[in-house]
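Here's the structure we're looking at; comments come further down.
The values are calculated or read from the model by the stated rules, or taken from the named source; none is laboratory data. Remember, predicted model here, so these are calculated numbers, not experimental data. Here Cβ is always computed from backbone atoms with ideal geometry, including for glycine, and neighbour counts include all displayed protein chains. Only protein heavy atoms, including side chains, enter the accessible area calculation; ligands, DNA and RNA are left aside. Shrake-Rupley method; radii C 1.70, N 1.55, O 1.52, S 1.80 Å.
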Amino acid sequence: MALYFADATLFDGRAVRRHAGVLVEGETIRWVGPHRRAPRSARDAETIDAAGGTLTPGLIDCHVHLCFDGGADFAAEARVGEAGAALKCVRNARRHLAAGVTTVRDLGGLGAVTCDVARAIEDGVIEGPRVVASGRAITITGGHGWNTFAQQADGPDGVRKAVREQLRAGARSIKIIATGGVLTAGVSFDFTAFTYEEVEAGVDEAHKWGVPITAHAIGAEGIDHCVRAGIDSIEHGAQIRPETAKRMKAQGTFHVPTIRALDGIVDNPEEVPAYAVEKGRAVMEFARDAFARAIRAGVRHACGTDAGTPFNPHGGAPREVLRMIEWGLGPEKALEAATANAAELLRRPDVGTVEASKQADLALWPGDLIGEPSNLLAPRAVWKRGALVGREMTGAGL
Ligand SMILES: [Zn+2]
């Protein structure tokens, strides 16, 4: 089975090429180049007329919680039990596909549920985006997330052991909770949780296994600990200091700002618990400045929605891209954050760009995405490993 995308405006994950052709054979991209120089074998392929549309890699959302639907009370959602959470994962996974998202990184769920869901998708038991699961996040005793999606661990040896336990359960990414958070009552968001030594132990252990590690980090000191210890990315990062941003640029640490998470909380003050709204508003003030500071320092961004948090439903990566653009990132950079940068952060060189030999994860959008990014809100069609997916939910034909 071969597919030929004819005469597309192509965003290949890094840059735009006009009048491009892309040939897919089976699950793999075989050829990318100017449409008028299409290889002979393209003539025998099923042709998709992509003229007037924009073809991109399938989007990547680096921060989701598949076990959570995005209800008003995050802590209440955690009380469903693992079987209930697994069922939510199935539905939420499909929502990503329908939005053009073909890979997600899950950053904290119940038990080993997300690891099992990742395997079920990989094995074709259920349809969904590729899931890079973290199992449970790792937090200090009583720290942010302890009563929802995190395992508690203390001391460098304790953190090291927790990393090993998550990897044994099937995790292919590790998340630590380095500071307080918005959605746990009684913990201030800028509280520094793990000590530098604890963070260092976690980073060392994850990297020893070749697995990326990220940190939920809002307060300045916690962010700084993580960056100095060599973490791969900072989630949220509302209080990134200028000197920390410089170090992030030098080391190649990614910033995942998760603007949609804050929107969901501050835009729904009637329904979200009051402690979360109050903290969310305070964090929003810092977050926009920190994002601008990171851009100025040359820090690279990756797209993450934090989907599953209040009023932040799955499939929101296109909206996160739009929010990053509103906050000052150029459209090409924002798309790069949701494709090539994200794949690099997740250590998945097989996805995230449209190049020969990569997996055929593709999304076709109406019109010119760079000139009119809001076209991201309705994909024309989505392919994962060369197969058309998410069609019934988008209602999209070709
Ligand atoms: Zn999160």
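Which of the residues belonging to segment 263-284 are of a type outside the set (A, V, I, L, M, F, W, C), more than 18 Å from His314 (Cβ to Cβ) and within 16 Å of the ligand (Cβ to nearest atom)? Steps first, answer last, please.
The first filter runs over segment 263-284 and keeps only residues of a type outside the set (A, V, I, L, M, F, W, C), leaving 263-264, 267-271, 273, 275, 278-281.
Remaining after also requiring more than 18 Å from His314 (Cβ to Cβ): 269-271, 273, 275, 278-281.
Residues satisfying the conditions are Lys279, Gly280.
Residues of segment 85-102 being open to solvent by less than 10 Å² (accessible area, probe 1.4 Å) and touching a Cys at 6+ places or on another chain (Cβ under 9 Å), which ones?
At the first step, the residues of segment 85-102 found to be open to solvent by less than 10 Å² (accessible area, probe 1.4 Å) are 85, 89, 92-93, 96-97, 100-102.
Residues satisfying the conditions are Ala85, Cys89, Asn92.
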| request: Check whether at least one residue in segment 200-212 is open to solvent by less than 60 Å² (accessible area, probe 1.4 Å), touching a His at 6+ places or on another chain (Cβ under 7 Å) and among the small types (Gly, Ala, Ser), and report yes or no. | output: no
| Mind checking whether some residue in segment 44-58 is assigned to a strand (DSSP E or B), at pLDDT 95 or above and under 30 Å from Ala215 (Cβ atoms)? | yes
| query | Which condition number does Asp73 fail, the rest of (1) within 16 Å of the ligand (Cβ to nearest atom); (2) open to solvent by 10 Å² or more (accessible area, probe 1.4 Å); (3) in contact with a helix residue (DSSP H, G or I) (Cβ under 7 Å, 6 or more places away or on another chain) being met? | reply | (3)
| query | Within segment 97-111, can you find the residues that are out of contact with any Leu (no Cβ under 6 Å at 6 or more places or on another chain), within 15 Å of the ligand (Cβ to nearest atom) and under 22 Å from Ala363 (Cβ atoms)? | reply | Val104
| message | Would you confirm, using the coordinates I've provided, whether Ala287 is touching a residue at least 24 places away in the same chain (Cβ under 8 Å), within 16 Å of the ligand (Cβ to nearest atom), crowded, with 24+ Cβ neighbours inside 10 Å and of a type in the set (A, V, I, L, M)? | response | no
| said: I want to confirm something. Restricting to segment 292-332 and keeping residues that are more than 16 Å from the ligand (Cβ to nearest atom) and in contact with a Cys (Cβ under 9 Å, 6 or more places away or on another chain), which single residue is nearest to Leu346 (Cα to Cα)? | reply: Val321
| query | Taking the condition away from the ligand (no atom under 16 Å from the Cβ), closer than 23 Å to Ala215 by Cβ, open to solvent by less than 10 Å² (accessible area, probe 1.4 Å) and at pLDDT 95 or above, does Thr114 pass? | reply | no
| said: Take Ile121 and tell me if it is open to solvent by less than 20 Å² (accessible area, probe 1.4 Å) and in contact with a Pro (Cβ under 8 Å, 6 or more places away or on another chain). | reply: yes
| Which pairs do you get when a residue that is farther than 20 Å from Ile176 by Cβ, found in segment 95-120, comes within reach of a residue that is at pLDDT below 95 and in a helix (DSSP H, G or I), reach meaning Cβ atoms under 7 angstrom, with the pair 6+ apart or on two chains? | Ala98/Met393; Ala98/Thr394
| field | Pairs where the first residue, in segment 319-340, is at positive phi and the second is in a helix (DSSP H, G or I), C-beta under 8 Å, 6+ apart | value | Gly328/Phe291; Gly328/Ala292; Gly328/Ile295
| When you go through (1) within 16 Å of the ligand (Cβ to nearest atom); (2) of a type in the set (Lys, Arg); (3) not in a strand (DSSP E or B) one by one for Arg94, which number turns out not to apply? | (1)
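Filter segment 217-249 down to the residues that are open to solvent by 10 Å² or more (accessible area, probe 1.4 Å) and within 17 Å of the chain's Cα centre (by Cα) and list them by number. Give the steps one after another, and end with the answer.
First, pick out the residues of segment 217-249 that are open to solvent by 10 Å² or more (accessible area, probe 1.4 Å): 220-221, 224-225, 228-230, 232, 236, 239, 241-243, 246-247, 249.
Result: Asp232, His236.
So, Pro156, is that one within 30 Å of Val187 (Cα to Cα), away from the ligand (no atom under 14 Å from the Cβ) and modelled with pLDDT of 95 or more or not? Full working, then the answer.
Numbers: within 30 Å of Val187 (Cα to Cα): yes; away from the ligand (no atom under 14 Å from the Cβ): yes; modelled with pLDDT of 95 or more: yes.
Spelling it out, Pro156 is indeed within 30 Å of Val187 (Cα to Cα), away from the ligand (no atom under 14 Å from the Cβ) and modelled with pLDDT of 95 or more.
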| Since Glu355 meets every condition but one in (1) over 30 Å from Ala20 (Cα atoms); (2) open to solvent by 40 Å² or more (accessible area, probe 1.4 Å); (3) not basic (Lys, Arg), which condition does it not meet? | (1)
| request: State all residues of segment 248-262 that are assigned to a loop (DSSP other than H, G, I, E, B) and either at pLDDT below 95 or more than 16 Å from the ligand (Cβ to nearest atom) (or both); if no residue qualifies, say none. | output: Gly252, Thr253
| request: Test Val163 against the stated conditions and say whether it is open to solvent by less than 30 Å² (accessible area, probe 1.4 Å) and at pLDDT 95 or above. | output: yes
| field | Selection status of Leu66, assigned to a loop (DSSP other than H, G, I, E, B) and in contact with a strand residue (DSSP E or B) (Cβ under 9 Å, 6 or more places away or on another chain) | value | yes
| query | Does Val16 qualify as being within 25 Å of Phe254 (Cα to Cα), surrounded by fewer than 23 Cβ atoms within 10 Å (Cβ to Cβ) and among the β-branched types (Val, Ile, Thr)? | reply | yes
